[in-house]
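Below is one structure, written out as structure tokens; comments come after it.
The values are calculated or read from the model by the stated rules, or taken from the named source; none is laboratory data. Remember, predicted model here, so these are calculated numbers, not experimental data. Cβ coordinates were reconstructed from backbone atoms using ideal geometry, including for glycine residues, and neighbour counts include every protein chain displayed.
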Amino acid sequence: MDFNYSPEQEVYRQEVRTWLEANQPPPLTPEEKERIDEDLLWERNKRWHKKLYEHGWAGLNWPKEYGGRGATFIEQVIFQQELGRLGLPMGINVLGIIMTGPALMQWGTDEQKQRYLKPIIMADEIWCEGMSEPGAGSDLASIQTRAELHGDEFIVNGQKVWTTHAHRSDFCQLFVRTDPDVPKHKGMSALLVDMHSPGVVVKPLKQITGDSEFNEIFFEDVRVPKENLLGPLNAGWQVLVNTLMHERFGISETIGGTEVILAQLVEMAQTIPLGGHSAAADDEIRQQIAQFAIEVTAKKYNGLRALSKRLKGQQPGAESSIGKLISTDLSQRMTKFATRLLGGYAMIERKSPFAPEGDWMRRILNVEMLTIAGGTSAVQKNMIGERILQLPKG
Ligand SMILES: Cc1cc2nc3c(=O)[nH]c(=O)nc-3n(C[C@H](O)[C@H](O)[C@H](O)COP(=O)(O)OP(=O)(O)OC[C@H]3O[C@@H](n4cnc5c(N)ncnc54)[C@H](O)[C@@H]3O)c2cc1C
């Protein structure tokens, strides 16, 4: 088995690398560092997204007719690897691009594709994913948010929670119960909901980092036109499963970024002094970093397995659960290990002139969420047990 990239793929990688290095956003100015917050980062990221889009790098595997580059899957993977190498974000509207967009392409009517896809990829309209509720997270089939069809409109009532970027969103891919009298998987539907509709109330939730990236959304008699149904009525479970597969694959390929964290740990170990020499001279630290390197390599080869399945034209399957499980757990352990190297400096906030490079305090606090978002580790293990190992259901 040959794990190397082909000469053509390496040429493509070089093209991506050259463009990213020449066009990447400038470092934060001292003035920006002083007043850094979510809004400032969002605006910077938005400018970056526009540049990516103008040069055909946003949603680059999307078909050309919807504003993408029609790139092959492997080209998209190479692009994400190069973004990760430079520590650059994908832009904004990531959930719209990796989740709603593919769902619209699969389930949407021609009118819906025409109306929504281009503004998603251009990030002119921001999307959020309305799945989880206070009583339905891992078990999404239990959702209670109700949509009743009255003439040409659905009337929506209920609550969602943990909705990433709802406070910045123009639309929500919302999963609702449309028939409460049939088994729960069979009475759900997906709606495309305008977040500016009367009756939609968004309440941001404060996170441990101090940021508020996710929200509660309340729906009170919200009117949604019937033509905003995505997929057939009561086929919402199929739309949801498909949308989640895309999310899971996206998370294992992008957010983990374990190769990048490993390189940062190696660099820190070489430069941070410990007991009169560099931390890298300490046996225990060296061995721990070597152990991380082994796990990063194993994760990479599992990623290649999922990749080869996609290259054969198959949809992402349960093996993307392995990718999500490993990359999020490993990212957590590696990020927390940075505190061993940084000592007290790990606790200094990014606005302080004494803060170490790398925004470590925020990352250490934020990393907890990785093994919950997009399906918890326990749930990924269930999927691996049932679908890959064919073990009986728990
Ligand atoms: C940063 C972040 C962003 C998010 N963004 C969004 C978003 O944009 N849209 C959205 O809809 N949701 C979002 N979520 C919600 C996320 O999908 C849920 O938190 C997740 O699916 C878990 O659901 P829950 O929180 O209700 O926990 P629960 O499902 O109540 O689980 C509680 C505990 O029980 C365990 N558990 C549950 N079921 C089983 C089982 N069958 N077997 C073994 N153990 C089990 C879980 O592993 C967990 O430890 C986000 C979450 C986070 C952390």
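Observations
- Any hit, region 212-230, residues being among the charged types (D, E, K, R), in contact with a strand residue (DSSP E or B) (Cβ under 9 Å, 6 or more places away or on another chain), within 12 Å of the ligand (Cβ to nearest atom) and in a strand (DSSP E or B): yes
- Candidates T371, T376 - the one that is within 16 Å of the ligand (Cβ to nearest atom) and crowded, with 17+ Cβ neighbours inside 10 Å: T371
- Test result for L104, in contact with a strand residue (DSSP E or B) (Cβ under 9 Å, 6 or more places away or on another chain), closer than 30 Å to F218 by Cα and within 16 Å of the ligand (Cβ to nearest atom): no
- Meets criteria (at pLDDT below 90 and among the hydrophobic types (A, V, I, L, M, F, W, C)) for A346: no
- Counting only residues that are small (G, A, S) and either farther than 18 Å from T243 by Cβ or part of a loop (DSSP other than H, G, I, E, B) (or both), region 182-205 holds 3 of them.
- Check on A123, within 16 Å of the ligand (Cβ to nearest atom) and at pLDDT 95 or above: no
- E319 vs. criteria within 16 Å of the ligand (Cβ to nearest atom), of a type in the set (D, E, K, R) and closer than 29 Å to M131 by Cβ: no
- Candidate set from region 130-171 (those that are part of a strand (DSSP E or B) and near the ligand (Cβ under 9 Å from one of its atoms)); member that is surrounded by the fewest Cβ atoms within 10 Å (Cβ to Cβ): T164
Table: residues versus (1) modelled with pLDDT under 95; (2) out of contact with any helix residue (DSSP H, G or I) (no Cβ under 6 Å at 6 or more places or on another chain).
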residue: I78; (1), (2): yes, no
residue: R85; (1), (2): yes, yes
residue: L117; (1), (2): no, no
residue: S132; (1), (2): no, yes
residue: S142; (1), (2): no, yes
